[in-house]
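First comes the structure, then the notes that go with it.
The values are calculated or read from the model by the stated rules, or taken from the named source; none is laboratory data. The model shown is predicted, which means the values in this text are computed figures rather than measured ones. Don't worry about glycine lacking a Cβ; one is built from the backbone with ideal geometry, like all the others, and counts go over all protein chains shown.
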Amino acid sequence: MNQIEILKYLEEQKTTRTITDLIVHCTATKPGAKVNVDVIDGWHKERGFKKQPQSGRICGYHFVVLPDGTIETGRYLSEIGAHVSGQNSRSIGICYVGGLDANGKAADTRTPEQKEALIWLLSRLVVMFPDATIKGHRDYSPDLNGDGIIEPWEFVKECPCFNAAIEYSNI
Ligand SMILES: [Zn+2]
């Protein structure tokens, strides 16, 4: 969707959920990987995530930001996401496509278009949810809370491969 379509989408989104956290993720894919919300639907179907009744999405995120800056919608804001264990009911998940360099190492691969789109989207969400804090997935790292569980399907310690809490502290 373009920005005008996203604004209309957000206006139509109603949720009674209390949102305390806006959580940024990456797909942990290499540059050039053809990933979008439909592809993530497939990944998350394999992981056993349930298709959501209203949005029709399986994807655990609420938004996906493509390398060209296009914002795709995943689960509706009223639908609880599936992106950070223990944090889903009070959060919104925003995922950009990327996060690995060509060698498969964690890297901040955000394109200028993605950076701009992420700031734009997060700014809109902060208006909707003024009490919410922006963080990166790694800020919930098991190493930080000491529960010792590492989810094998994602680079929990790295995601989203940049310091979202600091970079977005003034939004
Ligand atoms: Zn993540």
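Points worth noting:
- Against the list (1) surrounded by fewer than 18 Cβ atoms within 10 Å (Cβ to Cβ); (2) in contact (Cβ under 8 Å) with a residue 40 or more places away in the chain, the condition P53 fails is (2).
- Matching residues in the stretch 80-126 - criterion: being part of a strand (DSSP E or B), touching a Cys at 6+ places or on another chain (Cβ under 8 Å) and buried (at least 22 other Cβ atoms within 10 Å of the Cβ): C95, Y96, G99
- Residue check for S169: surrounded by 12 or more Cβ atoms within 10 Å (Cβ to Cβ) and either at pLDDT below 95 or not hydrophobic (A, V, I, L, M, F, W, C) (or both): no
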